[in-house]
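Colleague: Structure below; questions to follow.
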Amino acid sequence: MITKDQVMEILNNIIIPEVFKTPLELSLVRDIAISDHKVEITLTRPDISEEHQQWLKSRIETQVKSLGKVDVSVNYEISTASKLNKIGQVIAIMSGKGGVGKSLVTGLAAVALKRQGYSVGILDADITGPSIPKMFGIHSRPDVSEGGIIPVSSGTGIKVMSLNLLLPDENEAVIWRGPIIGKVITQFWEEVIWGQLDYLIVDLPPGTADAPLTVLQTLPVSGIIIVSSPQDLATMIVKKAVRMAGTMKKRIIGVVENMSYLYVPELNKKIELFGPSKGEEMARAAGAPLLARLPIDPELAALCDKGEIETYRNEILDKLADSLSHVLAAKQN
């Protein structure tokens with residue numbers, strides 16, 4: 001009997017004319033129903049010409065029939081993003097102030113989870129300071145279909161949606177008031193076709209004002225990761241973020257201390273440039289585990305500048321991946 005995995009493999013190898021992507025990359029697959037001698041595939045209608053829609057329908061039917069003696073039918077329906085999206089957990093990355101590396105932690109968390117075989121997306125909710133696309137080397141604009149906006153995929157398949165991908169110039173300043181920013185964040189959740197994801201990671205803007213509040217009130221946030229640095233000022237402000245999470249009744253699943261130290265290989269020594277680590281102190285204040293102490297790494301900074309964060313290899317990242325897997329698995333159980 002034909003299996004769903006066989007059908008999915010076919011769908012993953014058909015390149016659609018005009019857009020040059022597969023049905024899975026465009027999140028077009030609505031349903032696959034298989035009985036003894038029949039395969040029914042339902043697709044959301046792609047934003048391509050009628051001619052190429054018919055080509056896609058015929059191509060899928062022909063290739064699935066080649067698997068065995070079965071009747072195959074492919075049908076289109078207009079589906080909204082809310083019907084298509086199946087997201088396991090929404091993880092918000094939060095900090096009490098800017099400049100502590102929140103977006104960096106967002107990128108590293110996504111890369112770590114993707115390497116473990118999970119399907120991952122990033123919603124860049126830092127509307128006025130979006131940096132995620134640059135880290136991942138993404139410059140193409142999102143596609144738009146009748147059902148919604150299709151996020152751009154990174155080199156390893158992480159789905160990304162950011163305002164910077166919609167601007168005519170990535171250096172253009174976004175000078176908007178809070179209510180407009182909140183509306184855009186809501187649209188990124190409600191109108192983007194994320195498809196099926198194990199994890200959607202949300203890069204929050206710094207602070208505890210309108211935009212973070214919109215995310216915590218609107219999105220079904222499963223847990224929050226707090227990002228801090230060793231400075232006393234950052235420590236004080238992070239405690240405000242912890243209190244905000246408590247007020248919103250959102251669980252903090254972990255703390256990451258960034259810029260914790262600089263490792264000098266010639267001396268085999270860790271230099272704490274911003275003072276002694278306060279990671280454990282922050283973890284106790286948050287009532288959550290310390291997931292990682294990230295060093296200042298010139299190699300990582302260079303890769304982010306070149307849009308190659310997905311190529312970063314370091315035992316610290318491996319430890320972050322292990323810690324994330326542990327706390328997220330506990331969250332599911």
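Nothing in this text is a laboratory measurement; each read-out follows from the coordinates by a stated rule. Every value quoted in this text rests on a predicted model; they were computed, and no experiment measured them. We place every Cβ from the backbone using ideal geometry, glycine too, and count neighbours over all the protein chains shown.
Colleague: Beyond 19 Å between alpha-carbons counts as too far, so tell me which of K102/K134; K86/K114; K134/K306; K102/K270 fall in that bin.
Modeller: Working: K102/K134 14 Å; K86/K114 17 Å; K134/K306 8 Å; K102/K270 22 Å.
K102/K270, as the Cα separations exceed 19 Å there.
Colleague: Still on this structure: Grab the Cα-Cα distance for N13 and E40, subtract it from 0.36 nm times how many residues apart they are, and report the gain in nm with one decimal. List each step's numbers first, then the result.
Modeller: Values: separation 27, 0.36 × 27 = 9.72 nm, distance 1.83 nm.
Net length gain for the segment: 7.9 nm.
Colleague: Can you compute 3J(HN,Hα) from phi for each residue in the stretch 18-28, using the Karplus curve 6.51 cos²θ - 1.76 cosθ + 1.60 with θ = phi - 60°, rounded to whole Hz and x for Gly and Pro?
Modeller: Karplus values, whole Hz, x for Gly and Pro: 6, 9, 6, 9, 8, x, 6, 5, 8, 6, 8.
Colleague: Obtain the nm distance between the two label points defined at A330 and L167 by a simple spin-label model: each point lies 7 Å from its Cα along the Cα-to-C-beta direction.
Modeller: Calculated label separation equals 3.9 nm.
Colleague: Let me ask something else. Starting from the coordinates of the alpha-carbon atoms of the stretch 266-311, obtain the Kirkwood hydrodynamic radius over all distinct pairs and give the value in Å to one decimal. Kindly include the intermediate steps, with their values, before the conclusion.
Modeller: Values: mean 1/r = 0.0765 Å⁻¹.
About 13.1 Å for the stretch 266-311.
Colleague: A further question on this structure: When only alpha-carbon atoms count, how far does the stretch 83-332 stretch along each of its three principal axes, as whole angstroms with the largest first?
Modeller: 57, 39, 37
Colleague: Work out how much length N314 to K240 would gain on full extension: take 0.36 nm times their residue separation and subtract the Cα-Cα distance, in nm to one decimal.
Modeller: Working: separation 74, 0.36 × 74 = 26.64 nm, distance 3.14 nm.
Gain in length upon complete extension: 23.5 nm.
Colleague: Taking the Cα atoms of the stretch 38-92 alone, what are Rg (to one decimal) and Dmax (as a whole number) in Å?
Modeller: Over the stretch 38-92's Cα set, Rg and Dmax evaluate to 14.6, 47 Å.
Colleague: Another question, then. Can you pull the Kirkwood radius for the stretch 76-162, inverse mean 1/r over Cα pairs, to one decimal in Å?
Modeller: Working: mean 1/r = 0.0703 Å⁻¹.
Answer for the stretch 76-162: a Kirkwood hydrodynamic radius of 14.2 Å.
Colleague: Report the calculated FRET efficiency for E280 and T186 (r = Cβ-Cβ distance, R0 = 41 Å), to the nearest 0.05.
Modeller: Values: r = 36 Å, r/R0 = 0.89.
After rounding, the FRET efficiency stands at 0.65.
Colleague: Name the residues whose placed amide hydrogens come within less than 5 Å of the amide hydrogen of Q196, ignoring near sequence neighbours (fewer than 5 apart) on the same chain.
Modeller: Answer set, sorted by chain and number: K86.
Colleague: Shifting gears a bit: At 7 Å along the Cα-to-beta-carbon direction for both K306 and Q6, put a label point, then send me their distance in nm to one decimal.
Modeller: Once both label points are built, they end up 4.4 nm from each other.
Colleague: If the only charges are +1 at each Lys and Arg Cβ and -1 at each Asp and Glu Cβ, what is the size of the charge dipole of the chain around the Cα centre, to the nearest 20 debye?
Modeller: 1080
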